[in-house]
């Protein structure tokens with residue numbers, strides 16, 4: 001039987017061209033440079049911050065969630081905005097905190113425009 005009968009067109013396509021540089025696997029070029037989860041600046045305290053973030057945002061009891069939702073709605077904020085304020089500042093917002101509530105709403109409006 002002739003030798004060409006055993007050659008498959010798919011095998012011939014898999015043979016790399018002579019234009020590929022030595023040591024290159026012939027795969028597609030990577031469009032984006034890999035960026036690790038913690039960014040380009042070294043790992044630092046990344047995993048400590050990640051664990052702290054998980055603990056801070058873990059599921060609170062249904063009673064606490066209901067309280068925060070009611071309070072946030074009264075202030076015109078979302079649950080996430082209200083909870084983040086508690087986590088960042090360590091205090092619950094009150095009706096008297098007009099300036100801080102306005103700042104939060106400005107940040108939300110700026111994010112929505114983008």
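The values are calculated or read from the model by the stated rules, or taken from the named source; none is laboratory data. From a predicted model like this one, the values you see are computed outputs, not experimental measurements. Here the Cβ is made from the backbone with ideal geometry for all residues, glycine too, and neighbour counts use every protein chain on show.
Under the condition of being surrounded by 10 or more Cβ atoms within 10 Å (Cβ to Cβ) and either over 19 Å from the mean Cα position of the chain (by Cα) or outside any loop (DSSP other than H, G, I, E, B) (or both), the residues counted in region 41-51 number 5. Give me the residue from region 87-105 that is without any contact (Cβ under 8 Å) to a residue 12 or more places away in the chain and part of a helix (DSSP H, G or I) and, out of that set, nearest to residue 49 (Cα to Cα). Checked region 87-105; the qualifying residue nearest to residue 49 (Cα to Cα) is 88.
Looking only at region 61-86, residues that are surrounded by 11 or more Cβ atoms within 10 Å (Cβ to Cβ) and in a loop (DSSP other than H, G, I, E, B) come to 3 in all.
This table checks each residue for (1) closer than 30 Å to residue 79 by Cα; (2) touching a helix residue (DSSP H, G or I) at 6+ places or on another chain (Cβ under 9 Å); (3) surrounded by 10 or more Cβ atoms within 10 Å (Cβ to Cβ); (4) modelled with pLDDT under 80.
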| site | (1), (2), (3), (4) |
| --- | --- |
| 31 | no, no, no, yes |
| 35 | no, no, no, yes |
| 39 | yes, yes, yes, yes |
| 53 | yes, no, yes, no |
| 59 | yes, yes, no, no |
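Pairing residues of region 36-57 that are at positive phi with residues that are surrounded by 10 or more Cβ atoms within 10 Å (Cβ to Cβ) and at pLDDT 80 or above, at Cβ distances under 9 Å and at least 6 apart in sequence or on separate chains, gives 39/46; 44/38.
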